[in-house]
Amino acid sequence: MAGVVKEEDTEKIRIMLGLLSSVESDGEKSQRRLASELGIALGLVNAYMKRCVLKGQVKIREAPARRYAYYLTPRGFAEKSRLAVEYLSCSLTLFRQAKQDCMAVFAEASARGLTRFVFVGASDVAEIAAICALDGGVTIVAVVDPNSSLPRFVGAPLVKSFDDVEGEVDAALITDIKVSGELVDAAIVRYGKNQVLAPDLLAAAINGRRGSAS
């Protein structure tokens with residue numbers, strides 16, 4: 001559908017903007033440190049950096065101790081400015097889209113008597129879904145995210161697996177595009193494939209998974 005913003009596209013813009021901004025502020029950071037700051041794999045930083053160099057947005061110079069330093073070219077500065085505007089636009093569009101999708105999911109779920117949810121994935125979408133939950137009469141029992149160390153998220157207990165969820169649950173809502181297929185399968189096994197839901201912009205996270213677990 002025209003005009004639909006995918007969360008993975010916004011994530012790519014975030015990474016590129018963060019990379020160029022970091023190079024501008026301190027071009028002597030190691031790629032390992034960049035990966036840690038951006039929350040992505042080291043290999044992905046390397047791939048993005050190579051792409052920036054090929055496009056003439058970043059140049060490399062030698063630094064002491066057999067290291068390399070990076071700096072932005074005029075083309076890199078222009079691209080960073082463009083990405084900043086695009087990221088803001090995508091983020092606002094994504095927020096509106098996610099809110100609309102989550103409200104639709106909760107309305108349909110409520111009609112089926114599903115009001116007590118586990119969110120799968122601690123993310124920006126989970127925060128938007130939590131806002132919608134207040135208006136939709138939905139209770140967030142817990143948030144399941146094996147990669148987070150937070151004790152709570154969006155006002156609910158954050159746990160590592162579905163085995164750690166306490167309390168009655170009617171359904172699970174996928175709230176992170178990066179959720180693993182194994183975690184989706186575990187949700188289906190625990191709650192049933194018709195009780196594992198997702199907003200439209202994250203539907204790809206469960207497409208093709210519904211028939212793989214019983």
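For the reader, a short list of remarks on this structure follows.
- Filter pass, GLU62 being surrounded by 13 or more Cβ atoms within 10 Å (Cβ to Cβ), farther than 24 Å from VAL179 by Cα, among the acidic types (Asp, Glu) and at pLDDT below 90: no
- Residue in the stretch 171-183 that is over 23 Å from GLY39 (Cβ atoms) and touching a helix residue (DSSP H, G or I) at 6+ places or on another chain (Cβ under 8 Å) present: yes
- Residue list for the stretch 157-182, restricted to those being surrounded by 19 or more Cβ atoms within 10 Å (Cβ to Cβ) and small (Gly, Ala, Ser): ALA171, ALA172
- Some residue of the stretch 82-95 being part of a helix (DSSP H, G or I) and over 19 Å from the mean Cα position of the chain (by Cα): yes
- If only residues of the stretch 12-49 that are more than 19 Å from the chain's Cα centre (by Cα) and not in a helix (DSSP H, G or I) are counted, the one that is farthest from ARG67 (Cα to Cα) is ASP26.
- Condition check for GLN97: closer than 30 Å to LYS193 by Cα, in contact (Cβ under 8 Å) with a residue 12 or more places away in the chain and touching a helix residue (DSSP H, G or I) at 6+ places or on another chain (Cβ under 8 Å): yes
- So TYR71, is it of a type in the set (Phe, Trp, Tyr), more than 30 Å from ALA198 (Cα to Cα) and either surrounded by 16 or more Cβ atoms within 10 Å (Cβ to Cβ) or in contact with a strand residue (DSSP E or B) (Cβ under 7 Å, 6 or more places away or on another chain) (or both): yes
- Tally of residues being in contact (Cβ under 8 Å) with a residue 12 or more places away in the chain and among the basic types (Lys, Arg) across the stretch 108-125: 1
- Annotation: of all residues in the stretch 139-156 being over 21 Å from GLY39 (Cβ atoms) and in contact with a strand residue (DSSP E or B) (Cβ under 6 Å, 6 or more places away or on another chain), the one that is surrounded by the most Cβ atoms within 10 Å (Cβ to Cβ) is ALA142.
- Test: residue in the stretch 119-138 that is more than 23 Å from LEU201 (Cβ to Cβ) and buried (at least 17 other Cβ atoms within 10 Å of the Cβ): no
- Condition met for VAL105 (touching a residue at least 24 places away in the same chain (Cβ under 8 Å), under 21 Å from ILE188 (Cβ atoms) and not assigned by TED's automatic domain parsing to the domain that holds ARG190): yes
The values are calculated or read from the model by the stated rules, or taken from the named source; none is laboratory data. It should be emphasised that the depicted structure is a prediction, and the values quoted were computed from it without experimental measurement. In this analysis, Cβ positions are derived from the backbone assuming ideal geometry, glycine residues included, and neighbour counts consider all displayed protein chains.
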